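Visitor: Quick one: the structure is below, questions incoming.
The values are calculated or read from the model by the stated rules, or taken from the named source; none is laboratory data. If you're wondering where the values come from, they're calculated on a predicted model, not measured in any experiment. Heads up, the Cβs are rebuilt from the backbone with ideal geometry, glycines too, and the neighbour counts pull from every protein chain shown. Accessible surface areas use protein heavy atoms only, side chains included; no ligands, DNA or RNA. Shrake-Rupley method; radii C 1.70, N 1.55, O 1.52, S 1.80 Å.
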Amino acid sequence: MARLILTPGKERSLFRRHPWIFAGSVERLDGRARPGDTVTVVSADGKPLARAAWSPESQIRARVWSFDADAAIDHAFFKRAVAASVARRASIPALQGQEGVRLIHGESDGLPGVIADRYGAVVVLQLTSAGADKWREAIVAGLVQATGCAAVFERSDSEVRGLEGLAPRTGCVHGELPAGTLTIVENGVRMEVDVESGHKTGFYLDQRDNRLLTGRLAAGRDVLNCFCYTGGFSLQALAGGAKSVLSIDSSGPALDSARRNLSLNPQLDAGRAEWHEADVFKALRALKDEGRRFGLIVLDPPKFAPSAAHAERAARAYKDINLFGFRLLEPGGILMSYSCSGGIGLELFQKIVAGAAIDAGVDARIIYRLSAAPDHPIGLAVPEGEYLKGLACQVG
Ligand code: SAH
């Protein structure tokens, strides 16, 4: 096995159990390794520290599989790691009975580059690193064994694969997708999941708990849901007894799916729902001009800042929508505002929202700090895994 020799001092992040080895930390590779091969990571003074996957094309040159430098990285290793990840979800009461659950959340579950989401009998797998890609078969076998699922569908079409020199790959890797539309029930609401071409692996599982909270806060309120996608927040708001729900998205197909989702739930009062295909930045201004007011507003935009380099422009976009969000609230109204940008930390996000409230001339306080659901854990050693943050703010 090849040995990755670190430059002096670069062993420190490994002692803190951080799994990434950047190009600048690599002194040299002793021996030969192809992309995805396992290498032994060795400190500059010759101490073996870990076993990692070699990724020559990526700025992250290696990702650690095990901090035991003697660990065998083989089929059995992945079966154990997948089973352990699935078992952790099974032990969390809030996840029990959920049909849509993230089973593997990459680095946070000790499996860098591996995402697996279960939607009923189907598991969707996304592999984003050379090492994960190499162990596809073992990971699929582990998922089938741990879940008894009927099908594993691969959605390895994320852009980040390009950084690893990997081509996109989609299709069934175990079993067959069931005929017809795949649906899940999330906290009493049925939603269709398009595993073949929906966003992420087909659904935003990370917002599950926040959608439920929206439902609880929505009772008796006029709700505005911006960037509604397939209507997750909208339908939970209706289920929670919202007086009305206006949902906005710029994607026609997403709104079509949202309408189908509403019709999948005859228990909800469809007469209270209105769908609007528009650019949110423009629509918020138009609503303000029309003098509209809402008791609850959800802002769940796409990732404006994929990395810190985009932070400044993203900050202006977040400021803009939050400013109009606050302006559209009635007294006592609540703004639920999210950022899923890795490049914008919680502290900066809170500053942006605070600035928006000041500019809107409202007095607001945080009533909930929100994050991703517990099936999207954040490894304490890998804080950059925290991407989703939300603030629920109530105005006076
Ligand atoms: N809240 C959703 C997920 C939102 S994803 C859920 O819980 O499922 C972000 C959505 O924003 C996508 O549906 C995308 O079509 C939409 N979008 C992106 N830019 C937009 C814009 N400028 N105006 C309106 N919608 C936009």
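Visitor: Say we look at the range 216-233 and pick out the residues that are open to solvent by less than 10 Å² (accessible area, probe 1.4 Å) and more than 11 Å from the ligand (Cβ to nearest atom); which of these is nearest to N187 (Cα to Cα)?
Guide: Taking the candidates together, the pick is A218.
Visitor: Just to be sure before I move on: is V195 assigned to a loop (DSSP other than H, G, I, E, B) and within 16 Å of the ligand (Cβ to nearest atom) in the structure I sent?
Guide: So V195 fits the description; yes.
Visitor: Here is a follow-up. Taking the range 325-349 only, how many residues are open to solvent by 20 Å² or more (accessible area, probe 1.4 Å), part of a loop (DSSP other than H, G, I, E, B) and away from the ligand (no atom under 15 Å from the Cβ)?
Guide: 2
Visitor: Picking from S337, S341, S371, which residue would you name as being among the hydroxyl-bearing types (S, T, Y) and modelled with pLDDT under 95? If you could, list the steps in order and put the result at the bottom.
Guide: Details: S337 fails: modelled with pLDDT under 95; S371 fails: modelled with pLDDT under 95.
It is S341.
Visitor: Could you list, in sequence order, the residues of the range 1-39 that are β-branched (V, I, T) and under 31 Å from the mean Cα position of the chain (by Cα)? Don't jump to the end; show me each part of the working.
Guide: Initially, the range 1-39 is screened for residues β-branched (V, I, T), giving 5, 7, 21, 26, 38-39.
If the condition is that a residue be β-branched (V, I, T) and under 31 Å from the mean Cα position of the chain (by Cα), then I21, V26, T38, V39 are the ones that fit.
Visitor: Which residue out of A90, A71, A44 is modelled with pLDDT of 95 or more, open to solvent by 40 Å² or more (accessible area, probe 1.4 Å) and touching a strand residue (DSSP E or B) at 6+ places or on another chain (Cβ under 8 Å)? Spell out the reasoning first.
Guide: On the way: A90 fails: touching a strand residue (DSSP E or B) at 6+ places or on another chain (Cβ under 8 Å); A71 fails: open to solvent by 40 Å² or more (accessible area, probe 1.4 Å).
Matching residue, one of A90, A71, A44: A44.
Visitor: Shifting gears a bit: Which of the residues spanning the range 47-65 are open to solvent by 30 Å² or more (accessible area, probe 1.4 Å) and in a loop (DSSP other than H, G, I, E, B)?
Guide: Residues satisfying the conditions are K47, P56, E57, Q59.
Visitor: Of D279, D300, D320, which residue is modelled with pLDDT of 95 or more, within 14 Å of the ligand (Cβ to nearest atom) and buried (at least 19 other Cβ atoms within 10 Å of the Cβ)? Talk me through it step by step, then tell me what you get.
Guide: Values: D279 fails: buried (at least 19 other Cβ atoms within 10 Å of the Cβ); D320 fails: buried (at least 19 other Cβ atoms within 10 Å of the Cβ).
Every option except D300 fails the conditions.
Visitor: Pull up the range 206-215, narrow it to residues that are surrounded by fewer than 24 Cβ atoms within 10 Å (Cβ to Cβ) and under 19 Å from the mean Cα position of the chain (by Cα), then point me to the one that is nearest to the ligand (Cβ to nearest atom).
Guide: Kept after step one, since they are surrounded by fewer than 24 Cβ atoms within 10 Å (Cβ to Cβ), are these residues of the range 206-215: 206, 209, 212-213, 215.
Subset that is under 19 Å from the mean Cα position of the chain (by Cα): 206, 209, 212-213.
On the way: D206: 9, D209: 11, L212: 11, L213: 12 Å.
It comes out as D206.
Visitor: Confirm whether V245 is outside the structural domain of E99 (by TED's automatic domain parsing) and more than 9 Å from the ligand (Cβ to nearest atom).
Guide: Working: outside the structural domain of E99 (by TED's automatic domain parsing): yes; more than 9 Å from the ligand (Cβ to nearest atom): yes.
It is true that V245 is outside the structural domain of E99 (by TED's automatic domain parsing) and more than 9 Å from the ligand (Cβ to nearest atom).
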